[in-house]
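Asks: Pasting a structure below so you can have a look.
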Amino acid sequence: MFKKLLPLALAASFCLPAIADEASVKKAVEAKLGGKVSSVTKTSYLGLYEVYADGQIIYTDDKVSALMIGTLIDGKTMKNITDERMQKLTAIKFSDLPLELAVKQVRGDGKRAFATFEDPNCGYCKKLAKDMAKLDNVTIYTFLYPILSPDSLEKSKQIWCAADKAKAWNDWMVDGKAPSGKGDCDTTAVQKTVEAGRKLAINGTPTIFFADGERLPGAVPVARIEQKLMQTPSDK
């Protein structure tokens, strides 16, 4: 469906009257692409409409004569409008996360909370884990999200079954010490995490969620995490 669109743009001209409102644009785009559109918002740029569907932003005009995927930059401020909108569109309620399924680490006073979804065989996750070791006064909820390989699932189960889950996680991700447990305890939490991640449309690891609900995909610099935590302090 939408994922079949080319990475930069798809355009086709049609002799159509102006559609004019967001509801009509939504209906027209759904008809053309054969799938559900989550939202349509009129932008202040070139008369374009922002169409959010299948986890991505598409831009179109009031005739739906062209469908474009790409980055929209404000010509005056040079801000990445598409990125800003994606942060808002993919935000969640932090309190809705099933935190009981996560490996919890508290450092210092633990007042600043955030959550990560990580695969134990993800190289970017390992880099993130090493970088996050520098953070203090935080509570980190790490969801074991084994989506890369069967071995990822096995390691996740072993870590979950460890007497000290946080230590087992850090031993592996930071120090490269493989978990030694059998993974034969109740590991339904791992499967529930995978199900939760799919509902949240998490397609890659690491993915970070902050207390205000903002989502940041990828191994972002620790300075960016620290900056965000300073902006949105929260009780764990």
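Asks: So which residues in the range 168-182 are free of Cβ contacts under 8 Å to residues at least 12 places away in the same chain and crowded, with 23+ Cβ neighbours inside 10 Å?
Replies: Residues satisfying the conditions do not exist here.
Asks: Output the residues belonging to the range 168-196 that are among the hydrophobic types (A, V, I, L, M, F, W, C) and not in a helix (DSSP H, G or I).
Replies: 174, 178, 185
Asks: Now, a different point. Which strands (runs of 3 or more DSSP E) sit wholly inside the range 101-167 and have at least 3 residues that are surrounded by fewer than 19 Cβ atoms within 10 Å (Cβ to Cβ)?
Replies: Those strands (runs of 3 or more DSSP E) span 103-107.
Asks: Quick one: residue 34 ticks every box in (1) surrounded by 13 or more Cβ atoms within 10 Å (Cβ to Cβ); (2) touching a residue at least 12 places away in the same chain (Cβ under 8 Å); (3) not polar (S, T, N, Q) bar one, so which box is it?
Replies: Unmet for residue 34, out of (1) surrounded by 13 or more Cβ atoms within 10 Å (Cβ to Cβ); (2) touching a residue at least 12 places away in the same chain (Cβ under 8 Å); (3) not polar (S, T, N, Q): (1).
Asks: Give me a count of the residues in the range 4-57 that are within 13 Å of residue 67 (Cβ to Cβ), at pLDDT below 90 and of a type in the set (D, E, K, R).
Replies: Of the residues in the range 4-57, 2 are within 13 Å of residue 67 (Cβ to Cβ), at pLDDT below 90 and of a type in the set (D, E, K, R).
Asks: Same structure, new question: Looking only at the range 190-229, count how many residues are in contact (Cβ under 8 Å) with a residue 60 or more places away in the chain and among the polar types (S, T, N, Q).
Replies: Result for the range 190-229: 4.
Asks: In this structure, is residue 134 more than 15 Å from residue 219 (Cα to Cα), in the same structural domain as residue 196 (by TED's automatic domain parsing) and in contact (Cβ under 8 Å) with a residue 60 or more places away in the chain?
Replies: Considered against the rule, which asks whether it is more than 15 Å from residue 219 (Cα to Cα), in the same structural domain as residue 196 (by TED's automatic domain parsing) and in contact (Cβ under 8 Å) with a residue 60 or more places away in the chain, residue 134 comes out as no.
Asks: Moving to a separate point now. Can you give me the number of residues within the range 33-50 that are closer than 23 Å to residue 198 by Cβ and within 22 Å of the chain's Cα centre (by Cα)?
Replies: The total comes to 5.
Asks: Here's a follow-up. Can you tell me which residues in the range 213-228 are among the hydrophobic types (A, V, I, L, M, F, W, C) and in a loop (DSSP other than H, G, I, E, B)?
Replies: Once the filter is applied, which keeps residues that are among the hydrophobic types (A, V, I, L, M, F, W, C) and in a loop (DSSP other than H, G, I, E, B), the range 213-228 yields 219, 220.
Asks: Which condition number does residue 93 fail, the rest of (1) more than 17 Å from residue 212 (Cα to Cα); (2) surrounded by fewer than 15 Cβ atoms within 10 Å (Cβ to Cβ) being met?
Replies: Result: residue 93 passes all but (1).
The values are calculated or read from the model by the stated rules, or taken from the named source; none is laboratory data. Just so it is clear, the structure is predicted and the values come from calculations on it, not from any experiment. Backbone-built Cβ (ideal geometry, glycine too); neighbour counts: all protein chains shown.
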